[in-house]
Amino acid sequence: MGKRTPLFETHAAGAKMVDFGGWDMPLHYGSQLEEHHQVRRDAGMFDVSHMTIVDLRGERVQDFLRYLVANNIDKLKLPGGALYTCMLNERGGVIDDLIVYFVEPRWYRLVVNAATRDKDLAWINQQAEPFGVEVRERDDLAMIAVQGPRAREKTHAALGEIVRAATALQKPFTFIVAGELFIARTGYTGEDGFEIILPAKQAASVWQKLAAAGVAPAGLGARDTLRLEAGMNLYGADMDEATTPLESWLAWTVAFEPASRDFIGRAALEAQPQQGLTAQFVGLVLLDKGVLRNHQVILHDGDEVGEITSGGFSPTLGRAIALARLCGEAQGPFQVDVRGKMLNVKVVKPPFVRNGKACVDVTA
Amino acid sequence: MSKTPAELKYTKSHEWLRREADGSVTVGITDHAQDLLGDMVFVELPEPGRALKAGQECAVVESVKAASDVYSPVAGEVIAVNETLSDSPELVNKAPYGEGWMMRIKPAHAADVDALFDADAYQAQIDSEAH
């Protein structure tokens, strides 16, 4: 039996459950495709309580984060801001991707992946010690993502006045604290919406209130197709400790300025050619019928030139899409080996879909 | 709870067969199989006229989750395929024993069909897989 979130009993009634990184999680509640469309067109919710929430406190917490992560937390000028970043090893490889929340000048919150929990906590604790920063895992908290064009109005309808300030959040990557709720305008779908961190004890009742307001439950299956369409990387598939952010379309999350900031992995990244030479990370659209999958090989004139890191069917576009890593100098046209058949793909710039609308031309 | 109609024959690899009046068999995948695979997004069917051996890969179903082979339950010749699945693969989920059928095969030996699982034997197999 796997680990269970505070919402396990709520899911077990209607969901197909699967093992995900040691957790018993809902894959879908009937139809993954319908849940996907529900989030693109209306509002859906995901139990993401398996993700690891870590609070960092201390006099030198800001100095610590300037050193720990590749993006620069000084971009967060005021409490209430959030930042997507990678945490690198000395070789510039990605230990994990995470979101940093600026709660107070001496209190930051991190949300890291579930499957990487143990190594992340060990790394963070090891690096925090010289800074005297307290590292506390918050396994007393649950997390619900409400996503979709109607996520704001339905969250407001479900939870009432306490979340009024959240529904007014103007910018992505901002958050408010409303009583015991921590509500951030973040997500993993390419739609508007919130991620709500709340006491585990309240998770089931908040979930039920959201459901009563018309927010439909969605499983990890839809979460994956939504994030793939949104062109968002998945740790362990699109990047890992063997690849740097520069090879994974995450250069935008690395802050080389100011030059005086010494973060872990900086020297290795600076030694790496910055453009094109080692690897290019691209989006692919399948022009033929079939489905792209992780690890399929990409060819040009019969020569292997790359690999799909995340592939699948895009319910919004009605065809297969993928994120892929090509060797630096590779040029099209490209084929993908799909179960022994050479199928034609087109290179596109992700995202594939944002805010319910296609962003790429899927015609040859 | 998956449905397992009593009048059909079944294979260990989750195909079903229905005997037609002309001696051919209609073949699809079971309700249990479609439930395991999840939403179908692509079905690849054989060319009519193709000769199949028993147990040979004869079709591919791709769901949101994974690709899976479909195996010919008996030796024989493909005499028709369900073209509507090309545009509507979801029929395999919605009506696995009806509009979601995949192909019709003319068996080389009619007795081969008799040797396959009946509904009770197939149900017993999927029950044992669940434990």
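The values are calculated or read from the model by the stated rules, or taken from the named source; none is laboratory data. Only a predicted model underlies this, so the values are computations on that prediction, with no experimental measurement involved. Cβ placement follows ideal geometry from the backbone for every residue including glycine, while neighbour counts extend to all protein chains displayed.
Kindly provide the set of residues from the stretch B:80-98 that are of a type outside the set (F, W, Y), under 13 Å from B:I29 (Cβ atoms) and part of a loop (DSSP other than H, G, I, E, B), ordered by number.
Across the stretch B:80-98, the qualifying residues are B:N82, B:P89, B:A95, B:P96, B:G98.
Could you tell me which of the residues A:P172, A:P149, A:P105 is within 30 Å of A:L88 (Cα to Cα) and either touching a residue at least 24 places away in the same chain (Cβ under 8 Å) or buried (at least 18 other Cβ atoms within 10 Å of the Cβ) (or both)?
A:P105 is the lone residue from the list that is within 30 Å of A:L88 (Cα to Cα) and either touching a residue at least 24 places away in the same chain (Cβ under 8 Å) or buried (at least 18 other Cβ atoms within 10 Å of the Cβ) (or both).
Among the numbered criteria (1) crowded, with 21+ Cβ neighbours inside 10 Å; (2) among the aliphatic types (A, V, I, L, M); (3) in contact with a Lys or Arg (Cβ under 8 Å, 6 or more places away or on another chain), which single criterion is violated by A:L323?
Of the numbered conditions (1) crowded, with 21+ Cβ neighbours inside 10 Å; (2) among the aliphatic types (A, V, I, L, M); (3) in contact with a Lys or Arg (Cβ under 8 Å, 6 or more places away or on another chain), the odd one out for A:L323 is (3).
Which one of these is surrounded by fewer than 20 Cβ atoms within 10 Å (Cβ to Cβ) and either within 14 Å of chain B (Cβ to nearest Cβ) or on the phi > 0 side of the Ramachandran plot (or both): A:D240, A:D301?
Details: A:D240 fails: either within 14 Å of chain B (Cβ to nearest Cβ) or on the phi > 0 side of the Ramachandran plot (or both).
None of the other options fit; the residue is A:D301.
Of all residues in the stretch B:8-30, count the ones that are surrounded by fewer than 18 Cβ atoms within 10 Å (Cβ to Cβ), closer than 30 Å to A:L33 by Cβ and not small (G, A, S).
2
Residues of the stretch A:258-289 being buried (at least 19 other Cβ atoms within 10 Å of the Cβ), at pLDDT below 95 and not in a strand (DSSP E or B), which ones?
Correct list: A:L269 only.
For residues in the stretch A:2-49 being more than 14 Å from chain B (Cβ to nearest Cβ) and free of Cβ contacts under 8 Å to residues at least 12 places away in the same chain, which is farthest from the chain's Cα centre (by Cα)?
So the residue we want is A:A13.
Within the stretch A:36-70, restricting attention to residues that are among the acidic types (D, E) and touching a Lys or Arg at 6+ places or on another chain (Cβ under 9 Å), which residue is farthest from B:N93 (Cα to Cα)?
Ranking the candidates gives A:E59 first.
Output the residue which, of all residues in the stretch B:52-83 that are among the hydrophobic types (A, V, I, L, M, F, W, C) and farther than 27 Å from B:D118 by Cα, is surrounded by the most Cβ atoms within 10 Å (Cβ to Cβ).
B:V64
Going through the stretch B:52-69 one residue at a time, which ones are within 13 Å of another protein chain (Cβ to nearest Cβ) and in a strand (DSSP E or B)?
Scanning the stretch B:52-69 gives B:E57, B:A59, B:V60, B:V61, B:E62, B:S63, B:A67, B:S68, B:D69.
Which one of these is of a type in the set (S, T, Y), within 21 Å of B:K12 (Cα to Cα) and over 13 Å from the mean Cα position of the chain (by Cα): B:S88, B:S128?
Values: B:S88 fails: within 21 Å of B:K12 (Cα to Cα).
When all the criteria are applied, what remains is B:S128.
For B:A33, state whether it is free of Cβ contacts under 8 Å to residues at least 24 places away in the same chain, of a type outside the set (S, T, Y), under 30 Å from A:E229 (Cβ atoms) and buried (at least 16 other Cβ atoms within 10 Å of the Cβ).
The answer is no for B:A33.
In the set A:G328, A:G265, A:G306, which member is more than 14 Å from every other protein chain (Cβ to nearest Cβ), in contact with a strand residue (DSSP E or B) (Cβ under 9 Å, 6 or more places away or on another chain), without any contact (Cβ under 8 Å) to a residue 60 or more places away in the chain and over 27 Å from B:A66 (Cβ atoms)?
Values: A:G265 fails: without any contact (Cβ under 8 Å) to a residue 60 or more places away in the chain; A:G306 fails: over 27 Å from B:A66 (Cβ atoms).
Result: A:G328 is the single residue among A:G328, A:G265, A:G306 that is more than 14 Å from every other protein chain (Cβ to nearest Cβ), in contact with a strand residue (DSSP E or B) (Cβ under 9 Å, 6 or more places away or on another chain), without any contact (Cβ under 8 Å) to a residue 60 or more places away in the chain and over 27 Å from B:A66 (Cβ atoms).
Please state which of the following conditions B:G49 fails to meet, knowing it meets all the rest: (1) assigned to a loop (DSSP other than H, G, I, E, B); (2) surrounded by fewer than 20 Cβ atoms within 10 Å (Cβ to Cβ); (3) under 16 Å from the mean Cα position of the chain (by Cα).
In the conditions (1) assigned to a loop (DSSP other than H, G, I, E, B); (2) surrounded by fewer than 20 Cβ atoms within 10 Å (Cβ to Cβ); (3) under 16 Å from the mean Cα position of the chain (by Cα), B:G49 misses (3) alone.
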